[in-house]
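So the structure is just underneath, and the comments pick up after that.
The values are calculated or read from the model by the stated rules, or taken from the named source; none is laboratory data. Here the structure is a predicted model, which means the values were calculated and not measured. Don't worry about glycine lacking a Cβ; one is built from the backbone with ideal geometry, like all the others, and counts go over all protein chains shown.
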Amino acid sequence: MAPTDPHRRAAGKAWSALLRVHAELVPQLDADLRKTAGLPLAWYDVLLELDGVPPLRMTDLGERVVLSRTRVSRLVTELEHAGLVTREANPDDGRSAFVTITDAGRTRLREAAPRYLAGIEQRFAGRLDQAELHTLTETLGKILGPTDIS
């Protein structure tokens with residue numbers, strides 16, 4: 001069954017709104033974190049994914065933070081130089097490496113978390129009620145699949 005014109009218009013509007021919200025909020029959250037915690041949002045995202053998990057392969061980390069292999073490699077190098085992560089060669093596969101958060105990385109993550117969460121509340125969640133947040137999560141979960149949104 002082909003989508004109807006009204007369906008296509010609604011789909012286009014929904015997609016456009018999603019892209020605009022992302023494009024507006026991500027730079028704002030990044031600026032907040034840089035200003036208040038001295039931590040770029042991309043660094044925060046990587047540290048968040050590494051916190052509380054065993055060392056991750058670079059490939060797995062890239063999938064979790066939705067970045068290209070090249071971008072993840074650059075971010076990990078920056079984080080290594082800052083002492084926030086370590087990278088070690090995979091002994092079973094010389095082509096890959098494991099990344100682990102350091103104690104300093106965990107400390108920076110915990111220091112930045114209140115500002116990150118406040119930014120999400122102020123710029124996103126605070127504008128929606130509980131039912132709207134639930135509906136949005138459920139709706140996006142239909143697109144991503146049942147295991148991709150916790």
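Quick look at the numbers
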{"item": "Qualifying residue in the range 118-132 (condition: touching a Phe, Trp or Tyr at 6+ places or on another chain (Cβ under 9 Å) and not acidic (Asp, Glu))", "result": "no"}
{"item": "Residue in the range 9-16 that is assigned to a helix (DSSP H, G or I), within 26 Å of Gln122 (Cα to Cα), under 17 Å from the mean Cα position of the chain (by Cα) and at pLDDT 90 or above present", "result": "no"}
{"item": "Complete set of residues in the range 98-150 that are of a type in the set (A, V, I, L, M), within 16 Å of the chain's Cα centre (by Cα) and over 26 Å from Asp32 (Cα atoms)", "result": "Leu144"}
{"item": "Which listed residue, of Arg115, Arg106, is in contact (Cβ under 8 Å) with a residue 60 or more places away in the chain and not β-branched (Val, Ile, Thr)", "result": "Arg115"}
{"item": "Failed condition for Phe98, given (1) out of contact with any Asp or Glu (no Cβ under 8 Å at 6 or more places or on another chain); (2) outside any helix (DSSP H, G or I); (3) hydrophobic (A, V, I, L, M, F, W, C)", "result": "(1)"}
{"item": "Single unsatisfied condition, Arg34 versus (1) touching a residue at least 60 places away in the same chain (Cβ under 8 Å); (2) farther than 28 Å from Leu140 by Cα; (3) under 16 Å from the mean Cα position of the chain (by Cα)", "result": "(1)"}
{"item": "Residue that is farthest from Gly52 (Cα to Cα), among those in the range 104-145 that are loosely packed, with under 11 Cβ neighbours inside 10 Å and among the basic types (Lys, Arg)", "result": "Arg127"}
{"item": "Among residues of the range 91-121, those that are more than 21 Å from Leu47 (Cβ to Cβ) and not basic (Lys, Arg), counted", "result": "4"}
{"item": "Subset of the range 96-150 [at pLDDT 95 or above and in contact with a Gly (Cβ under 8 Å, 6 or more places away or on another chain)]", "result": "Thr102, Ala104, Gly105"}
